[in-house]
Amino acid sequence: MSVVFSIDAPYRGQYELHRLTYGSGGPSVAIVAGLHGNELNGIHAVNMLNKMLRVQRPKGTVHLFPLVNTFGADQATKRWPYDDQDINHAFPGDPDGSVVQRIAHALFESTDAELCIDVHSGAPHVRELPQVRAPMGGEELELARAMKLPVVWRRPGIRLEPTGLIGAWRAAGRKALHVVGGRGITLDNRHATTMANGLANLLGHLGISANMDSPMETAGDVTHADVDAHRASCGGFFVAEVRVGDMVKPGHLLGYIQSPIGGERLDEIRAARTGVVMTIRAYPMIHAQELLVRVAATP
Amino acid sequence: MTAVIQVELPSGDELAIIRRRFGRGGPGVPRVAIVAGIRGDAPEGIRVAHQVARALEAIEDRLTGVVDVYPCANPLGAHQGTRVWPFFDVDLNRRFPGKESGHQPDRVAHALYSDIRGAVQVIELRGAREAFSEVIHAQVRERDTAAAEFAMGANVALVWARKPGPAATQTFAHQFPGTIVLEGGTGNRLNAEVGKDLEEGVIHLLSQVGVLAEKDLPFHWAAMSRPVVVNDAQVFRVRAERSGLFLPEFTVWSEVEKGATLGHVIDPEDGAVMETILSPTTGRVMAVREHPVVYSGTMVARVVTL
């Protein structure tokens, strides 16, 4: 384990950015988690992958950054708590800038690999089926599919903002994938394990590691047009009737909205296609037009 | 008073984004939009919007155009004193032009954008950034000489022609070329003097854009401040190099010589001086950090060379 960046922290010790490296030479992969301090499933997944790699002799290089935003994680905040800045809006960073820009710069520089993966949880109010978000085609899509995560979501504009980590990696010519699973604030061991297995599958596909394949199968390999996003017709209290990963058919009751006071049923949300439930609103108090459920088409 | 958009909260409560219209519209009649409270931690801008509206009530019959005042774009944030839109945790000033069918802040951004589009001049009112005191100044886009010239009449100390940052395209001001952003005071606080100066500046701008005759100004325009225009090369960000507590030794808009002591960073435990921060240039202090905790790299002041 090495410390690639540190900075004195007033009233506490030091902030340190830790990297765990296995193997040497190519191909090279960098895997980052905990950029958002309250997204714990990614942190757990990368630590599980770390345990798998300890007993391997990788043919290539794997850099792991299990937890970037340690101070945010301490306080269950997504952003860097001192000045409430999102590290994921500070890339490629600046070695002479603010603390968040310095962390971003150090992370960006120390993830100089051919393939970079940023692992997240869903937002605290949303639960996501483990999924990899990839571009519409090319080698990145092939690599995304090799993870065999439950959902591969091909998105044309995925995180291309130059100040986001994925956008900065791509702008620098590195292949980049975005993995998401579970929800923020909570640890979901099942989803974290799936994500760890997906990362291990990818390392196996690249020939970096052996005997780490997991028998997983992708349920939905979709574009935006293949995903039904069910939004709330009104504000209220949303009660889900399905879980992420459930297979549904047209007409299946996905959930309903009731009045938060009195419980009067205001609307029902039903599936419009055959598919897998990939996103569910977890925090029940909802505003009109908020996303409640995503169903990804299955073959 | 009109609700540009009304949004329902899950508990059944409702939020309205209010527009107050002064003057009469019609074909060819110029319209000016004044918007405050895009971030909930800038009460100074909200106060100025209300003061301007009150002044316009008294002189409405003399307006030769329309002035739309939007006193608070992020009322839930203002309710809690937070920069971001609560619950969704998003900065409304990164959501423009918004989405008609998006989440609540996106719909608010879209409604505001749609309502304001077509205005001959847009003025955004802010306070100072959080944890800072700042001199009253106007910000315009780099190379927009017409906006810079216009902002000279805003009763500010300084007009800063800024290069747009990487997220600029999603900001409110970016949607309307020529927008003038007025800032000053202290983050999340009110300052009566700043409020009065900005109020008079905004009303004076109305006379410059043709919706109010100069003779109908409720004060004498000759009392306005005469600002200087500066660009990014003239504005120096001064950063702490040591982590600790920053104690400033100067006030906003004081004159400083190159090499003068701007403040010290002390150890938060034993109080020992760890760093003396010096002015990188001769000029004036535009902004001072008011919250003492700093990291290596935290900005503690802005100094402008004039």
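The values are calculated or read from the model by the stated rules, or taken from the named source; none is laboratory data. Note that this is a predicted model, so its numbers are computed, not measured. Neighbour counts run over all protein chains shown; Cβ positions are idealised from the backbone, glycine included. Accessible surface is based on the protein model in full, side chains and every heavy atom, while ligands, DNA and RNA are left aside. Shrake-Rupley method; radii C 1.70, N 1.55, O 1.52, S 1.80 Å.
Couple of notes before you dig in:
- Where labels lie 7 Å past Cα in the beta-carbon direction, separation of A:Glu264 and B:Ser101 in nm: 2.8 nm
- Both radii come from the Cα set of the protein assembly as shown: Rg as radius of gyration, Rh as Kirkwood radius; their ratio Rg/Rh reads 1.01.
- Helix axis angle, B:192-208 relative to chain B longest principal axis, alpha carbon, degrees: 50 degrees
- Dipole axis of segment B:1-121 (+1 Lys, Arg; -1 Asp, Glu on Cβ), positive-most option in B:Leu92, B:Gln51, B:Gly81: B:Gln51
- Remark: accessible area buried at the B-A interface is about 2500 Å², both chains counted, probe radius 1.4 Å.
- Carbon/sulfur fraction of accessible area - chain A, other protein chains in place, 1.4 Å, %: 49 percent
- Total lysine pairs under 26 Å (Cα atoms) in chain A, excluding pairs fewer than 8 apart on one chain: 9
- In a fully extended conformation the segment linking A:Ala225 and A:Asp112 would gain 37.3 nm over its present Cα-Cα distance, using 0.36 nm per residue.
- Helix axis angle, B:43-59 relative to chain B longest principal axis, alpha carbon, degrees: 40 degrees
- Enclosing the Cα atoms of segment B:3-131 in their convex hull gives a volume equal to 111 cubic angstrom per residue.
- As a calculated quantity, the FRET efficiency between A:Ser214 and B:Gln6 at R0 = 41 Å, using C-beta atoms, amounts to about 0.25.
- Using a Förster distance of 60 Å, the FRET efficiency for A:Ser24-B:Thr282 (Cβ separation, nearest 0.05): 0.70
- Lys/Arg +1, Asp/Glu -1 at C-beta; segment A:104-153 dipole; positive extreme among A:Leu115, A:Gly138, A:Val126: A:Val126
- For segment A:153-209: rounded, prolate or oblate by the Cα gyration tensor [a/c cutoff 1.5]: oblate
- Angle between chain B longest axis and helix B:104-116 axis [Cα atoms, degrees, rounded to 10]: 60 degrees
- Here the label points at B:Ala58 and B:Thr251, each 7 Å from Cα along the C-beta direction, are separated by 2.8 nm in the simple model.
- Cβ-defined net charge surrounding B:Ala111, 15 Å radius [Lys, Arg +1; Asp, Glu -1]: -1
- Calculated [222 nm] ellipticity per residue, helices only, for chain A: -6500 deg cm²/dmol; basis is -39500 (n - 2.57) per DSSP H run with n ≥ 4, divided by all residues, nearest 500.
- Model label sites at B:Ala272 and B:Glu241, defined 7 Å from Cα along the beta-carbon direction, differ in position by 1.8 nm.
- Residue-level accessible surface for A:Val222, protein heavy atoms, 1.4 Å, Å²: 0 Å²
- Segment B:1-44 versus segment B:83-103: alpha-carbon centroid distance in Å: 16 Å
- Comparing Cα centroids, segment A:149-198 and segment B:241-305 end up 40 angstrom apart.
- Segment A:205-299 - Debye-derived log10 I(q)/I(0), Cα point model, q = 0.10 Å⁻¹: -0.33
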